[in-house]
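These notes concern the structure reproduced below.
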Amino acid sequence: MNAVLAEHASFAVCQEESGMQYRKLGSGPLQVSELSYGTWLTVAGGVGRQQAIRCIHAALDHGITLFDTANEYGAGEAERVLGETLRSYPRDRYLIATKLYFPVGDEPDRGLSAAQIEKQLDRSLERLGTDVIDLYQCHRYDAETPLEETLEALDEAVRAGKVRAIGFSEWKAEQIDAAAKIAGANGFAQFTSSQPQYSMLWHKPEAKVFAACARNGVGNLAFSPLAHGVLTGKYAPGEAPPAGSRAASEKMNGFMETAGRHFRSDYLLKAVTQLKPIAADLGLTMPQMALAWVLRRNEVASAIIGASRPEQIADNVRAIAVKLSSDALQRIDEVVGGVVVSE
């Protein structure tokens, strides 16, 4: 047994005692932990390599089984670090989800053409150091490539044993329906996973996407369930972000200002501040309440969390099995109703 396995020999026991629960991801073959670990910012270089590795270990020790990454995160670095870290564990202890669409590093090519899927899939497999990717996702919709071409190439990847299940991120309802129809008509593998942004402050999937997913056997992996860190409650209106926080990091704060709204705007932060007494009354931390809010939906199989410190993961996991009362949900709606993005 190598040093890493020796250090984590109690993994199975930790998983049983973590309180983690698991849900089926759509109609596909995967059962996923209700919290997943995302590598978008931290593992891609937002924190030091060793700290990123410690967070991955902590996620495993707390029963998290699904690890989400993408070929473009850190120009492939997130896949490399994730693969090297997970390789020390038995392969049946975790699921790897990665994506393609955006350019990787300085490379100009992008999209979901058959040639691109073949190339990027093989590169991801190599960086991750695995023979199979459990969930391969289209990072965005590619309007320049015929949808049938994309679906046929993904089907070939599944038939070749390189991929177990396929999914997409941030697709519209009509795109989801079209893909299901084409796959059904041609006998291609069907999508079973959707990855939308979803949080107390971002309700867009509720309008049409959740319904499209439900009628097509697709489960949802919610990303940014803490609204880019805003729902941790650490940011105060009119004040500079705390040192060491995501908003204070030039490497990690960009998306907070370019995600379709200003997540650090005073008007929004004032509303979030009013959520703190609700969490306190429930005996929860702000992140725990925010995650419980996302997981209350049956359409959501897992909420993807990120962490720059292992203790954040321990706190997040305590949201599992928390059921928010109708009174609590009503109080939350009253507080955030004026700042929510719903369409």
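The values are calculated or read from the model by the stated rules, or taken from the named source; none is laboratory data. Keep in mind it's a predicted model, so treat the numbers as computed, not measured. Positions of Cβ are backbone-derived with ideal geometry, glycine not excepted, and every protein chain shown enters the neighbour counts. The accessibility values were calculated without ligands, DNA or RNA, using every heavy atom of the protein model including side chains. Shrake-Rupley method; radii C 1.70, N 1.55, O 1.52, S 1.80 Å.
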- Query: GNM, the chain, Cα, under 10 Å: largest mean-square fluctuation among Tyr22, Tyr267, Tyr101?
  - Reply: Tyr267
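Per residue, how many Å² of accessible area does the chain show with a 1.4 Å probe?
Working: 14290 Å² over 343 residues.
Result: 42 Å² per residue.
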- Message: Running a GNM on the chain with Cα contacts under 10 Å, which residue among Gly283, Gly233, Gly45 ends up with the highest mean-square fluctuation?
- Response: Gly283
- Message: Tell me whether segment 63-183 comes out rounded, prolate or oblate; compute the Cα gyration tensor, take square roots of the eigenvalues as a ≥ b ≥ c, and use a/c under 1.5 as the rounded threshold.
- Response: prolate
- Query: For Thr65, what charge total do you get from the other residues with a beta carbon under 12 Å from its beta carbon, if Lys and Arg give +1 and Asp and Glu give -1?
  - Reply: -2
- Message: Using all alpha carbons of the chain, what is the percent of pairwise distances in each 10 Å bin, ordered from the shortest bin to the longest?
- Response: 5, 26, 35, 25, 8, 0
- Note on the structure: In whole percent, the fraction of accessible protein surface over the chain that belongs to carbon or sulfur atoms, probe radius 1.4 Å, stands at 49
- Message: For segment 166-224 and segment 14-76, what is the centre-to-centre distance using only Cα atoms, to the nearest Å?
- Response: 21
- Task: Return a single number: how many Lys pairs in the chain, at a sequence separation of 8 or more or on separate chains, have alpha-carbon atoms below 17 angstrom apart.
- Result: 8
- Query: To the nearest Å, what is the center-to-center distance of segment 150-164 and segment 278-343, using C-alpha atoms only?
  - Reply: 35
